[in-house]
Amino acid sequence: MEASLTGKKLLMQLANLKSPEVEALSRDTPVVVPIAALEQHGLHLPLFTDSLLLGEIVRRADARLANLAVFAPLMWLGNSDHHLDFSGTLSAPPRTYLDLLSGLAENLVFHGFKRLIFLNGHGGNDVPGRQAVFEVRQRHRDRADLLLLLATYWNLADPTSLPQLGLRQSQLLHACEWETSMILRLAPDLVGEIRSLDPVAPGNAFEPASRAWITKDRSALGHIGDPREATAEKGEGLFQAYADGVVGLVERVIAWNGKDWEG
Ligand SMILES: [Zn+2]
């Protein structure tokens, strides 16, 4: 365990624990595995955007939860095949990624942990992540004490309910107003010129059908949304809302009675 910067709270980072310390933990302790990506984020944001954002949200949530949950190191390699036409993107193909996540979940189940949360910060991880926890559940169908979750951080809070933030978009998109705002708050030196970037609408003419896509289908420059509207102040509000959302989810997992579908 490692003391936080304040020296007051004990944060439980799996990477810093010694094996006997893990052995001594209650197996009802939730284990949070942050999963993100390294992929193009337009002309103006760094490749590591999703990992930087999720890392900051996790840092804030971890500081508040202290020793109530174990946080695994953030896994930066995600499923980003749809962005591969843009230089620098690295990707685990979907089936590889699915197997990687399910293998990781199996490790934690093998060690006796029962409450697992893949905390996701990248859209391309959502489908394989859901499938991974679904498949692990099927393999352990004799168990009633497993809680296997995949949660994408931007679904854990609704910042549009906070009018004081002045958000112009109605949802998080890609290298957009919201993501750019959070990077402006976190690492402004990494943000390039945004005022000249034309907005890219997120629409899908065939909704509610789910249309297969690669990023080039939708955006020549790589962003979707309106980065021109980004400010560091909006970024701070978004970080607070999403950290609240993560803390709320982990608290619900802690409160689970350990056996029932409800409760
Ligand atoms: Zn992103």
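Residues in the stretch 62-69 include none that are at pLDDT 95 or above and within 16 Å of the ligand (Cβ to nearest atom). Taken together, the residues in the stretch 56-109 that are outside any helix (DSSP H, G or I) and acidic (Asp, Glu) amount to 1.
Can you tell me which residues in the stretch 41-55 are under 13 Å from Glu179 (Cα atoms) and part of a loop (DSSP other than H, G, I, E, B)? Scanning the stretch 41-55 gives Gly42, His44, Pro46, Leu47, Phe48. Of the residues that make up the stretch 104-120, is at least one under 24 Å from Gly222 (Cα atoms), surrounded by 19 or more Cβ atoms within 10 Å (Cβ to Cβ) and within 16 Å of the ligand (Cβ to nearest atom)? Yes, the stretch 104-120 contains a residue that is under 24 Å from Gly222 (Cα atoms), surrounded by 19 or more Cβ atoms within 10 Å (Cβ to Cβ) and within 16 Å of the ligand (Cβ to nearest atom). When the stretch 134-188 is limited to residues that are acidic (Asp, Glu) and under 18 Å from Asn120 (Cα atoms), the one that is nearest to the ligand (Cβ to nearest atom) turns out to be Glu179. Out of curiosity, is Val247 within 15 Å of the ligand (Cβ to nearest atom) and either over 30 Å from Leu68 (Cα atoms) or surrounded by 14 or more Cβ atoms within 10 Å (Cβ to Cβ) (or both)? The answer is no for Val247. A Cβ distance below 9 Å, combined with a sequence gap of six or more or placement on separate chains, defines the contacts here; from the stretch 92-104, residues that are under 19 Å from Arg137 (Cβ atoms) reach residues that are of a type in the set (Phe, Trp, Tyr) in the pairs Leu101/Phe118; Leu104/Phe118. So is Ala37 within 16 Å of the ligand (Cβ to nearest atom), under 20 Å from Leu104 (Cβ atoms) and either modelled with pLDDT of 95 or more or over 23 Å from the mean Cα position of the chain (by Cα) (or both) or not? Taking the combined requirement at face value, the residue satisfies it. Looking for something in contact with a helix residue (DSSP H, G or I) (Cβ under 9 Å, 6 or more places away or on another chain) and within 16 Å of the ligand (Cβ to nearest atom) - is there at least one such residue anywhere in the stretch 216-223? Yes, that holds for at least one residue.
The values are calculated or read from the model by the stated rules, or taken from the named source; none is laboratory data. These numbers come from a predicted model, not from an experiment. Don't worry about glycine lacking a Cβ; one is built from the backbone with ideal geometry, like all the others, and counts go over all protein chains shown.
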